[in-house]
Amino acid sequence: MIDYKNISKKQQHTIMDFYFVLAELTVKNGYSCVTISEIVAHSGYNRATFYKYFKNKQDLANSFVTYVSHEFYRECLHPFNEKEQINFNRMKPQELTIFHHIMRYSHYYKLLIVDDSIPKLQGSIIETIISILQHELLFTNFEDSSPIFNTNAYYKAYGFYGLIHEWIKSGFQISPTILTKDLFTIFTTDNSKVNIQSEVSLRPPAR
């Protein structure tokens, strides 16, 4: 995994250019048809620059998946910093920014509806959501504050991912605010509140 803290802004920009081109070509032609030669040509860099950061196309793809999953994780948890507990029934839609993030980086997230997409991307996003709901946002009942069984987290996770997937398929026709309200409905189906882990990390768990 690339340590973005220990590389220059210029190097970060170069890596992001490769990510963008990989996503663009995959959406257009499918991942299996993308070649390093095409990536290099469309990015405006030479092969030496590509191999400075990545061993091969699969290494670029793995790095891309890690990066997108990390940013997704961080954006999901951003509204909950420095909070011990939240009630989704009282939370305002604008407080949750994940759908705005997905729209802003739609050139990445459109890959979730591509048949021949970047390997492991869809699974990584789903696993990230499940991890958040199992380890960071601890859903409890209002009555006794007892943790809700893990199957509940899976239900909410796949409901969350389903919203994202169908939203992208629709061409982002629904506003992020309305979509957030739909997500709140999924999260409050069992009349639950959420305890926030005391030390929420904005780094996803190591895979």
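All of the numbers you see were taken from the coordinates with simple rules; none came from a lab. These figures come from a predicted structure and were not determined experimentally. As a convention, Cβ positions derive from the backbone with ideal geometry for all residues, glycine included, and neighbour counts pool all protein chains shown.
Treat the count of other C-beta atoms within 10 Å as a stand-in for reagent exposure and order Y51, Y19 from fewest to most. Can you show the working numbers first?
Values: Y51 13, Y19 19.
Result, fewest neighbours first: Y51, Y19.
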- Item | Residues I36, I118, I98, I168, sorted so that the one with the fewest Cβ neighbours within 10 Å comes first | I36, I168, I98, I118
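Computed FRET efficiency, Cβ-Cβ of I36 and K120, R0 22 Å: what is it to the nearest 0.05? Display every interim value, and only then the final one.
Details: r = 19 Å, r/R0 = 0.87.
Efficiency for this residue pair is about 0.70.
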- Two pseudo-spin positions, 7 Å from Cα along C-beta at Q94 and at S8, lie apart in nanometres by 4.1
